[in-house]
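Data first, discussion second: the structure below is written as structure tokens.
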């Protein structure tokens, strides 16, 4: 059981910064921030969950069954992540690629302390075993200098970013993928590449702050799991359930921004009318419709928005919104499992695309192209897609970020490579100062 208390905060942006600094004392931290981005399906402006009361930490084997049992047993809020490699629990596929990050395949915890922020109201939801600590915690949070941490991302040594797949190899692999498409094995696949730095130390909080400041995306997240960190500036929602309604908002289609307003408007218009980008998006919308139909009430799946261009700090993105109605008896984890991994990060048909991706990529994706979010006691949930994110294992001194793009029959390997560099710009800028 939880005790809740509502707190009015006048300077909410300052309080959010103070809250995130205060959270660093705990081993288990999930911070979710919409950055005040105006969107139709928003429950909270920001959420913080800290200090695990109970935990599920497992590899992919029967992971969804274990998550289902854990959520049913706790009957409480749980926060965490699903890695891309949970596909191995759902389909007859494997992951044998290189993995230096060593994150668990699935990790969720039941927080002792939970803060839900909407407007200027902060709701503190504490487990009853510590509900007498709310006052002291709020006092401590408000007493923090929000910029008290070092403002440096890393020490004196410059970070040396390396490519796991070099340019010529990238072209060769994309051409192999195009061969699969021309043979009819697949219509589309999301091909990803890793950028990394070894023997490197970063300041996770400052790295996240700078990444978030550059991008200000609607699905930003900061995860701390012991010595493992996810610093995410994701613009994409994977899946949300609110009562009987489920929505998915896949992104397919990217264009760069320009400081010149006229040129920026031209980039926006060009993306909106680009036949290749629209076909990419529509293929994934069809896949998402099919995935949602597995648990939806018959006839309830609909496309609410098709190929609409949204503008973010770094890029323009083409986003579609697909919704469905579900029966109250359907377990929320069954809805997640039946749609995972998200179509925007796999391809179509999904299983064939995942098999080809695994053969051509060099790195195990792990948390990248997985999902971060939460489930509520009454079975609602909200998850992002882990893209535009920096992953860090402080024990291994290993920093990684990956980017990808959808390969279709109309893909030009050089243009795909250049799109990857556009997507990677914010992460590289932050890490290289």
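Of note:
- Debye equation applied to the C-alpha atoms of the stretch 89-225, log10 I(q)/I(0) at 0.18, 0.22 Å⁻¹: -1.33, -1.50
- Estimated [θ] at 222 nm from DSSP helical runs (n ≥ 4, -39500 (n - 2.57)) normalised by residues in the chain, nearest 500: -10000 deg cm²/dmol
- Working from label points 7 Å from Cα in the Cα-to-Cβ sense, the residue 55 to residue 123 distance is 2.8 nm.
- Theoretical gain in end-to-end length, residue 272 to residue 43 [0.36 nm per residue, Cα-Cα removed]: 79.6 nm
- Computing FRET efficiency as 1/(1 + (r/R0)^6) for residue 62 and residue 139, where r is the C-beta to C-beta distance and R0 is 56 Å, gives about 0.80.
- Between 74, 207, 363, the Gaussian network model of the chain with springs among Cα atoms under 10 angstrom shows the greatest mean-square fluctuation at 74.
- Contact order for the stretch 272-380, expressed relative to its length and based on alpha carbon pairs under 8 Å spaced 6+ residues apart, stands at 25 percent.
- Arranged from fewest to most other beta-carbon atoms within 10 Å of their beta carbon, 303, 30 become 303, 30.
- Centroid-to-centroid separation of the stretch 349-375 and the stretch 171-185 [C-alpha atoms, Å]: 18 Å
- Distance between modelled label sites at residue 303 and residue 182, nm, 7 Å Cα→Cβ extension: 2.8 nm
- Distance cut-off 42 Å, percentage of C-alpha pairs in the chain lying past it: 10 percent
- Values of log10 I(q)/I(0) for the stretch 330-417 across q = 0.25 Å⁻¹ run -1.34, by the Debye formula with one identical scatterer at each alpha carbon and no solvent.
- Computed over the chain: relative contact order in percent, which uses C-alpha pairs under 8 Å that are six or more apart: 23 percent
- Principal-axis tilt of helix 413-431 within the chain, Cα atoms, nearest 10 degrees: 20 degrees
- Across all directions, the average flat footprint of the convex hull enclosing the Cα atoms of the stretch 171-234 is 6.9 nm².
- Potential extension, residue 157-residue 227 segment - 0.36 nm per residue separation minus Cα distance: 23.1 nm
- Cα centroid separation - the stretch 1-75 against the stretch 250-303, whole Å: 29 Å
- Sorted from greatest to least, the principal axis extents spanned by the alpha carbons of the stretch 222-343 come out as 52, 44, 21 Å.
- In the chain, the longest principal axis of the Cα atoms and the axis of helix 261-273 are about 70 degrees apart.
- If you bin all the Cα-Cα distances of the stretch 1-125 at 5 Å, starting from zero, the percentages per bin are 2, 9, 17, 18, 17, 15, 12, 7, 3, 1, 0.
- Computed Kirkwood radius, in angstrom, where 1/r is averaged over Cα pairs of the stretch 287-433: 17.7 Å
- The chain: angle of helix 350-360 to the longest principal axis, Cα-based, in degrees nearest 10: 80 degrees
- Per-q log10 I(q)/I(0), the stretch 51-133, q = 0.22, 0.23 Å⁻¹ (Debye; single scatterer per alpha-carbon; no solvent): -1.03, -1.08
Values in this text are rule-based calculations from the coordinates and carry no lab data. Just so it is clear, the model here is predicted, and its values are computed rather than measured. Note: ideal-geometry Cβ built from the backbone for every residue, glycine included; neighbour counts use all protein chains shown.
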